[in-house]
Amino acid sequence: MRISKWMAGAALAAFAATTAIGQTASSPLDPVQSAANVKAHMGFLASDLLQGRDSDSDGYRIAANYVASQFQQLGVKPGGTNGSFFQPVPMVSYRAVDQGSYVLRGKNGQTVTLTPGEDVNVGRVPGQPETKLSAPLVFVGYGLVAPEHGRDDYKGVNVKGKIVVVLSGAPEGIQTEERAYYQNVRNKRAVAAARGAVGMITVDKPSDEKRRPFKNTARNWQNWAMTWRQPDGKAFDVAPSVPLLGSISTVGAEKLFAGAPTTYAALAAAAESKAANPQRFALPWTLDVTLRTESKNSESMNVVGLIEGSDPKLKNEYVVLSAHLDHIGVSTSGEGDRINNGALDNASGVATTLEVGRAFRESGKAPRRSILLLAVTAEEKGLVGSEYFARNPTVPLSSIAADVNLDMPILFYDFQDVIAFGADRSTIGSAVRRAGERVGVALSPDPLPEEGLFTRSDHYRFVEVGVPSVFLMTGFQNGGEKAFRGFLAGCYHHPCDDLNQPIDYAAGAKFARMNYEIARELADADARPQWTKGDFFAGKFANKK
């Protein structure tokens, strides 16, 4: 059988690579051996046996035990709970039972039904079997309150007891990482909750659907979402009083804004103009919405390894190297292969994290600060595992000096530059630049600000609790743009993200070395990383620690 033949080969390759760990090398990461190790680890983690590593699946548990066994072979100590490599993550899984009911009701008795899958994509509310709501609609533009940009989209409108309608995204004129913060729906819901709203509807712009066709997201309406479970058994939610009731397509938006002071087309044009500041107003509709959500308790695990520091004082501080171990499992529909192996997303990140751990062990010099190697669960469900760890760390939160996150390096080419998200928010930026000089890698600005990547990977959960963090993305030079955009448009979150892709394992070794150089400098520096004075995210979160 194809799986068993592949598994035998992958297991032998992994064994061969890991048995070389104890051998002396002229440098912490010999490029040839490192590339072989990356290939071996990816060969196992992206194999069909693991069935796409969905976070509450047997395949994920196999992957977690594999990573723990690699930690053991490296001589890395357990960093989880109860003297183990594991941190249990209690979770709530939830999904829509059906596509709900959305009826617009006008003051004159007129009603308009929004069609699921065409006009609206159904919302889901964790821990609430049924959500029934009838409330007036108020359009609040992008739904931003950004005093540093002189902007308050709620000014002059009363949303207390009402459902707010917000455009997806954020204005292009806002700096890329701050823009990612403001376009994050969790933040928008929290802002709406503070102003007394009772629900939220998001509306696509034409540019959104050009990048991500509405039908592609709407067809996944019955996928399970996840959040972590609090000690009282309730699902964690940043703004439970403002559920996300659904997302509206450009087609549905025409119905939603019918009879409004301004047409949807005019609003969309204003939103995507340089000013990006459309008019806000009450809509002439009340929305009657009914959602049914099924929930179930589940449990997954983070995997935590510890490399103890050598400095008597600094060893009680920690540099975290994080990478998400989960992927999206097996597709429920489609023909042929339906296993989403997640080779680049994110077997590659976990494999390179293991190589960074090996570099520390083989360097012959223990870091001054301690290193936590952290493989987290449920990133694909909304950065759940990293959020759980950041809010329930296995070491004191105040002792976590920095997070270096490794997520989805595109290993199709010899990358010559990286985008270092968050680097210049703190003194980590200097370490990143020096590491780039040593490895021969340039630093480039974010080429995809519309994607909001800064808030879409696990480092951001550390930022939210005040920990300076960085996340590297392989850059667009030397064919990188074609490779990255091609992957996003093709195999990203599809079964073809497997080991049949033209993976350049030498690039994986190079990515591991770059991250090792950063982590080594952060671990050995006299002073721990400090937020840049007056930084946007420092102002939002630095007082959380």
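Calculate, for GLU254 and ASN543, the FRET efficiency according to 1/(1 + (r/R0)^6) with r their C-beta to C-beta distance and R0 56 Å; round to the nearest 0.05.
Rounded to the nearest 0.05, the efficiency is 0.80.
Any chance you could run the full-extension gain for HIS494 through LYS155? It's 0.36 nm times the residue separation minus the Cα-Cα distance, nm to one decimal.
Stretched out fully, the HIS494 to LYS155 stretch lengthens by 117.8 nm.
State which stretch of the chain is the longest one without any exposed GluC sites (Glu not before Pro), exposure meaning a DSSP loop state and at most 15 other Cβ atoms within 10 Å.
336-545
Once fully extended, how much extra length lies between LYS313 and ALA194, figured as 0.36 nm per residue of separation less the alpha-carbon to alpha-carbon distance?
Roughly 38.6 nm would be gained on extension.
Taking a spot 7 Å from the Cα of LYS296 along the direction of its beta carbon, which residues of the stretch 110-135 have an amide N less than 20 Å from it?
Under 20 Å, as judged by backbone N against the label point of LYS296, lie 124-130 of the stretch 110-135.
Return the whole-Å distance between the Cα centroid of the stretch 51-110 and the Cα centroid of the stretch 296-365.
Taking the Cα centre of the stretch 296-365 as reference, the centre of the stretch 51-110 is 14 Å away.
Using the basic label-point model (7 angstrom from Cα toward the beta carbon), what is the THR263 to ASP414 distance in nanometres?
Going from the THR263 label point to the ASP414 one covers 5.5 nm.
Using only the Cα atoms, what convex hull volume per residue in Å³ does the chain have?
Hull volume over Cα atoms, normalised by residue count, gives 141 Å³.
Cut-off is 10 Å between beta-carbons; in what order do LYS77, LYS296 appear when sorted fewest neighbours first?
LYS296, LYS77
Among TYR66, TYR181, what is the fewest-to-most ranking by other Cβ atoms within 10 Å?
Placing the least packed residue first, the sequence is TYR66, TYR181.
Take every DSSP beta bridge whose two residues both sit in the stretch 94-295, then give the antiparallel share in percent to the nearest 5.
Antiparallel: roughly 70 percent of the beta bridges in the stretch 94-295.
Determine ³J(HN,Hα), in whole Hz, for all residues of the stretch 479-485 in sequence, where each value follows from phi through the Karplus function 6.51 cos²θ - 1.76 cosθ + 1.60 and θ = phi - 60°; x replaces Gly and Pro.
x, x, 4, 4, 5, 5, 5
Assuming 0.36 nm per residue, please report the length gained on full extension of the stretch LYS107 to SER398 beyond their Cα-Cα distance.
Length gained between LYS107 and SER398: 99.3 nm.
Filter LYS132/LYS162; LYS162/LYS234; LYS132/LYS210 down to the pairs with a C-alpha to C-alpha distance above 23 Å, please.
Over 23 Å apart, Cα to Cα: LYS162/LYS234; LYS132/LYS210.
Readers should treat all values here as calculations from the given coordinates under stated rules, not as data from a laboratory. Since the model is a prediction, treat every value here as computed from it, not as a measurement. Ideal geometry is used to build each Cβ from the backbone, glycine not excepted, and the neighbour counts take in all protein chains shown.
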